[in-house]
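Contents: one structure, followed by commentary.
The values are calculated or read from the model by the stated rules, or taken from the named source; none is laboratory data. All figures in this text were calculated on a predicted structure; none of them were measured in a lab. Neighbour counts run over all protein chains shown; Cβ positions are idealised from the backbone, glycine included. Remember, those area values only see protein heavy atoms, side chains included, never the ligands or the DNA or RNA. Shrake-Rupley method; radii C 1.70, N 1.55, O 1.52, S 1.80 Å.
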Amino acid sequence: MGGKSSTPLIVKGKRLDGRKPEELRPIKIEAGVLNRADGSCYVEWGKNKVIAAVYGPRELHPKHLQDNTQAVLRCRYNMAPFSVDDRKRPGPDRRSVEISKVIREALERVVFLNYFPTSAIDVFMEVLQADAGTRCAALTAASVALADAGVPMRDLVAGCAAGKVDGTVVLDLMQEEDNYGEGDLPLGYIPSKDEIVLLQMDGDFTKDEFKTALNYAIKGAKKIYALQKEALKRKYTTNKETAKWI
Ligand code: CDP
């Protein structure tokens with residue numbers, strides 16, 4: 001964000017990939033892709049590829065980390081070294097620690113942690129390929145993976161970002177727009193409750209632009225939410241073994 005592109009990012013109302021300002025990238029969500037995890041989800045969001053795996057609720061060790069009143073939710077967002085243009089140094093960095101934290105806080109708002117005292121619920125999010133908007137894709141995947149694991153939740157959280165490029169508010173920035181744009185506004189949202197559980201902002205927005213961007217991101221998140229639910233329904237109606245539970 002912040003650099004200046006030598007070519008315009010919006011020409012005659014169309015973005016570099018042909019999208020209109022208020023259009024999402026193509027998105028595919030698949031639940032239950034990993035056999036060894038209790039719940040999992042794979043998300044392709046434009047050129048982003050993200051996988052989420054959930055383990056638990058299971059007893060938390062060492063015991064001194066346990067909470068006698070509720071489960072401890074642990075989230076790890078990680079980028080594969082090959083997921084970005086310049087090789088990403090393996091292991092946690094400031095950015096991944098921050099993203100893991102904001103995703104955990106968003107998910108804590110929906111998971112019934114108090115059902116599982118002394119337990120841990122672990123959520124791993126691995127970015128295999130990144131093209132901007134990975135925290136929203138990771139949150140979206142994590143939420144489906146938790147539901148796939150059968151973890152009791154108030155609802156799903158959907159992630160979606162809006163931003164600003166060439167002075168225009170747009171939905172769902174891709175990499176070039178993130179690099180050369182003027183603003184990014186990632187959102188975590190629960191459509192059924194009209195509740196915002198993650199909101200960050202990078203760059204500059206006027207008050208009106210902010211309102212428009214928030215509005216776009218909420219509309220985008222509602223579409224993502226529908227895809228999340230479809231992915232879960234698809235898994236639990238095609239898998240006869242588990243279909244009997246619904
Ligand atoms: O991915 P998200 O938009 O949630 O977070 P960001 O910090 O705004 O990063 C935007 C994009 O920059 C990422 O999606 C990656 O494609 C890219 N990036 C990168 O190329 N190398 C990094 N070390 C971190 C991010």
Query raised in the report: Of the residues in the stretch 21-50, how many are closer than 19 Å to residue 236 by Cβ and of a type in the set (A, V, I, L, M, F, W, C)?
Result: 7
Query raised in the report: Residue check: is residue 188 touching a Lys or Arg at 6+ places or on another chain (Cβ under 9 Å) and crowded, with 23+ Cβ neighbours inside 10 Å?
Result: yes
**Report entry** Members of the stretch 1-37 that are more than 16 Å from the ligand (Cβ to nearest atom), in a loop (DSSP other than H, G, I, E, B) and under 14 Å from residue 166 (Cα atoms)
**Finding:** 4, 6, 7, 8, 12, 13, 20, 21
Query raised in the report: Checking residue 83 against (1) touching a residue at least 60 places away in the same chain (Cβ under 8 Å); (2) open to solvent by less than 10 Å² (accessible area, probe 1.4 Å); (3) within 22 Å of residue 29 (Cα to Cα), which single condition isn't satisfied?
Result: (1)
Query - Residues satisfying the stated conditions in the stretch 153-188, i.e. of a type in the set (Gly, Ala, Ser), in contact with a Leu (Cβ under 8 Å, 6 or more places away or on another chain) and under 14 Å from residue 203 (Cα atoms) - result: 161, 162, 163, 181
Query raised in the report: Out of curiosity, is residue 121 closer than 18 Å to residue 149 by Cα and at pLDDT 95 or above?
Result: yes
Query raised in the report: Restricting attention to the stretch 163-197, which residues are of a type in the set (Gly, Ala, Ser) and touching a residue at least 40 places away in the same chain (Cβ under 8 Å)?
Result: 163, 181, 183, 188
Report summary line: For helices (runs of 4 or more DSSP H) lying entirely in the stretch 93-204, having 1 or more residues that are more than 16 Å from the ligand (Cβ to nearest atom) picks out 94-108, 134-148
